[in-house]
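Written below as structure tokens is the structure these notes are about.
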Amino acid sequence: MADNHYPRPDMERDRWLSLDGTWEFEFDDGEKNRGREPLGKTIMVPFCIESKASGIGVKDPPPVSWYAKNFMRRDLPRGKRFFLNFGAVDYEATVWLNGALLGIHSGGYTPFTFEITERLADNNRLVVKVSDPRSRGTLRGKQYLWKWLSPIFYTPASGIWQPVYIYSTGGYHIKKMKTSSTMNAITVSWNIDGGNRLIMKAAGTKGAIIARKEIRNPEKSGCATLVIRNPRRWSVDDPYLYTVTVSLHDRNGECDRVISQAGLRLIEAKSGSIYMNGDPIRLKMVLVQGYFPGGHYTPVDGAAGYERDIMLIKGMGFNGVRMHQKIEDPRFLHLCDRHGLLVWTEMPSPFLFSPVKERQYENELMDALDRDSGHASNMAVVLFNETWGIFDILWSGKRKKYIRDLYDRVKERCPHLLVVDNSGYDHIMTDIADIHHYLSDDSKIRKLYSSLGDKKKMTMRFFKIPRAIAYLILTHRFSRKPYLSGGTYRGFEPFMVSEFGGAGYYKTDKGMMESFADNIRIMKEYPRIAGYCLTQAYDVEGERNGLISFDRKAKYDLNEIARINAIIP
């Protein structure tokens, strides 16, 4: 089913054609050149193969499948150049148009684009081969590699799971555009392939232009800053957005135009607290997995499904979400911008790393930052979670250096974002020293919290692999020290409990609401804790520890949840 809204609201164009809906489909049967003739099944795009909404609904599909879609040139929007865009395909996509190879893209969470201008005919056939080998080194997040790993991991997601569409431009093209902001200015970064004028405008709510800049003979890559007079700043209570329009021109007029939004805001981690626009803010977050009834990785009703979840979360008194082990659709981030919900974006983890997979991970990380780092709601990026895939960090100086270097690269690329190197524990270099625990005993919780800030008590030291493996096995359910030997606690990082709760994960006589409230009251005793993230928003498959059920029905009094969140101002 096609969504009538442009799939990239942060880079919107008015000339486009959705290719969502019914596609031909078939699992691989070993034959060559599949897709030239009609395939035997149909599938609904953009829903992964495993989902009910796709019409296939096979939980453990073969590793290779084929998609095909016919479209007419007369249905395309007017323009001189045409570009085919895939929002996300898990995991490797090989794409042909009218028998000509357009290219191959690896990585299941980020977009890719091919220019198709020279390949178009009156009648067109688009063919996609998808390979999802479920290798231990691919970025899988919470998708299980082996079925016995459920319930803490979930049914995989294979194939096309974000929108597919074609957009058109004039003779020149804005290849990339993103915004970043301070409290008083919006910086526009671009990548273009020609043109002699680039015009940038920022407008307020009523459409009045409040800042404008024109660049003549622009470089193919560059950035420029729009200073906003009398700025109205973005916050969770007042999520005010400016409309940013970027147009590219040649001597004959406008070639391409994209529209985005930007919120003026500054996020900082300093003096043991998190600050927004110069004022301390208490993060009250909830863990979100990004799975949806019927659609699995994609809501069946498109953007409306994302918005419904956001409003439920805001209504429970949370001001942010930790997007766990999934790079979410940009429509979700756009709606978080609009409604004032902060987001931690988190890279999906592999099970094991290798030099080849390091490069794949870094490519996908940088693609995600290029696409998503300009959202006002996007305040932090989490590089790894609970040492998944990087277990050698416990004993390897080389791996520790890799984490430090990666932290530095991300900070250089996106200085307006906070960076969490390894959420939960085993930190090396991080802006937020977050911890995870699933402790049911109040005295143990207080003991853990009282150690925060004491360098001797916060750092785990060992030098032999057997001790490191024992540490992994014995501590995985409870809590670990925040830093590893060789890590750097600089003294100003705020502490945050970014996973706790998990009703049903451990034995306790307390109910979910009592346990949640007691945890918050204990945190209130320790002002150095700058925020929290409760596990979790909704049930997913075997994990029945959500505040609401998987079909988004209340399991507890939502007003009571909001009252608990209000315990700490």
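The values are calculated or read from the model by the stated rules, or taken from the named source; none is laboratory data. These numbers come from a predicted model, not from an experiment. Virtual Cβ from ideal backbone geometry, glycine too; neighbours counted across all protein chains shown. For accessibility, only protein heavy atoms count, side chains too; no ligands or nucleic acids. Shrake-Rupley method; radii C 1.70, N 1.55, O 1.52, S 1.80 Å.
For every residue, the table says whether it meets (1) assigned to a loop (DSSP other than H, G, I, E, B); (2) within 27 Å of the chain's Cα centre (by Cα); (3) under 30 Å from PRO280 (Cβ atoms).
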{"position": "SER180", "(1), (2), (3)": "no, yes, yes"}
{"position": "GLY194", "(1), (2), (3)": "yes, no, no"}
{"position": "THR205", "(1), (2), (3)": "yes, no, yes"}
{"position": "GLY222", "(1), (2), (3)": "no, yes, no"}
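Only one of (1) crowded, with 20+ Cβ neighbours inside 10 Å; (2) in contact with a Leu (Cβ under 9 Å, 6 or more places away or on another chain); (3) of a type in the set (A, V, I, L, M) fails for MET177. Which number is that?
(2)
Go through SER65, SER18 for me and flag whichever is open to solvent by less than 60 Å² (accessible area, probe 1.4 Å), within 30 Å of SER135 (Cα to Cα) and at pLDDT 90 or above.
SER65
I'm told THR113 meets every condition in (1) in contact with a strand residue (DSSP E or B) (Cβ under 7 Å, 6 or more places away or on another chain); (2) under 23 Å from THR42 (Cβ atoms); (3) surrounded by fewer than 21 Cβ atoms within 10 Å (Cβ to Cβ) except one. Can you identify the failing condition by its number?
Only one criterion is unmet by THR113, namely (2).
Determine the pairs where a residue that is at negative phi and crowded, with 21+ Cβ neighbours inside 10 Å, located within the stretch 330-344, has a partner that is of a type in the set (Ser, Thr, Tyr) and part of a loop (DSSP other than H, G, I, E, B) with Cβ atoms under 9 Å apart, the partner being 6 or more residues away or on another chain.
If the second residue must be of a type in the set (Ser, Thr, Tyr) and part of a loop (DSSP other than H, G, I, E, B), the pairs left are LEU333/SER377; HIS334/SER377; LEU335/SER377; CYS336/SER377; ASP337/SER377; LEU341/SER377; LEU342/SER377; VAL343/SER377.
Restricting to the stretch 236-248, what's the tally of residues that are touching a strand residue (DSSP E or B) at 6+ places or on another chain (Cβ under 6 Å) and either crowded, with 21+ Cβ neighbours inside 10 Å or under 29 Å from ALA433 (Cβ atoms) (or both)?
4
Residues in the stretch 495-534 that are of a type in the set (A, V, I, L, M), crowded, with 19+ Cβ neighbours inside 10 Å and modelled with pLDDT under 95: how many?
Looking only at that region, the number is 2.
Does ASP509 satisfy the criteria of being touching a residue at least 40 places away in the same chain (Cβ under 8 Å) and part of a loop (DSSP other than H, G, I, E, B)?
So ASP509 fails the test.
So which strands (runs of 3 or more DSSP E) are wholly in the stretch 108-169 and hold at least 1 residues that are over 15 Å from PHE351 (Cα atoms), without any contact (Cβ under 8 Å) to a residue 40 or more places away in the chain and not basic (Lys, Arg)?
In the stretch 108-169, the matching strands (runs of 3 or more DSSP E) lie at 112-115.
For every residue, the table says whether it meets (1) among the small types (Gly, Ala, Ser); (2) more than 26 Å from the chain's Cα centre (by Cα); (3) at pLDDT 90 or above; (4) closer than 22 Å to LYS284 by Cβ.
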site: SER451; (1), (2), (3), (4): yes, yes, yes, no
site: LYS464; (1), (2), (3), (4): no, yes, no, no
site: LEU474; (1), (2), (3), (4): no, yes, no, no
site: TYR483; (1), (2), (3), (4): no, no, yes, no
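Select from the stretch 386-413 the residues that are open to solvent by less than 10 Å² (accessible area, probe 1.4 Å), within 19 Å of the chain's Cα centre (by Cα) and at pLDDT 95 or above and write down the one among them that is nearest to THR187 (Cα to Cα).
Only one residue fits best here, namely VAL410.
For the condition within 23 Å of ASN363 (Cβ to Cβ), within 20 Å of the chain's Cα centre (by Cα) and not hydroxyl-bearing (Ser, Thr, Tyr), what is the one hit in GLY141, GLY103?
Checking each option against the conditions leaves just GLY141.
Taking the stretch 282-313 as the region of interest, how many residues are surrounded by fewer than 20 Cβ atoms within 10 Å (Cβ to Cβ) and in a loop (DSSP other than H, G, I, E, B)?
5
Give the residue that is modelled with the lowest pLDDT, with candidates limited to residues of the stretch 207-220 that are part of a loop (DSSP other than H, G, I, E, B) and small (Gly, Ala, Ser).
The residue in question is GLY207.
Spot the failing condition for ARG322; the list is (1) outside any strand (DSSP E or B); (2) surrounded by 24 or more Cβ atoms within 10 Å (Cβ to Cβ); (3) of a type in the set (Lys, Arg), and only one is missed.
All conditions pass for ARG322, except number (1).
Hey, can you tell me all the residues within the stretch 360-372 that are modelled with pLDDT of 95 or more, surrounded by 18 or more Cβ atoms within 10 Å (Cβ to Cβ) and not acidic (Asp, Glu)?
Correct list: LEU365, ALA368, LEU369, ARG371.
With the checklist (1) of a type outside the set (S, T, N, Q); (2) in a loop (DSSP other than H, G, I, E, B); (3) in contact (Cβ under 8 Å) with a residue 60 or more places away in the chain; (4) surrounded by 19 or more Cβ atoms within 10 Å (Cβ to Cβ) in hand, flag the one item ILE56 doesn't pass.
The one condition ILE56 does not meet is (3).
On the basis of being surrounded by fewer than 16 Cβ atoms within 10 Å (Cβ to Cβ) and closer than 27 Å to ARG331 by Cα, does PRO77 make the cut?
Spelling it out, PRO77 is indeed surrounded by fewer than 16 Cβ atoms within 10 Å (Cβ to Cβ) and closer than 27 Å to ARG331 by Cα.
When ASN123 is evaluated against the numbered criteria (1) within 26 Å of GLN143 (Cα to Cα); (2) over 28 Å from the mean Cα position of the chain (by Cα), which criterion, by number, is the only one it fails?
(1)
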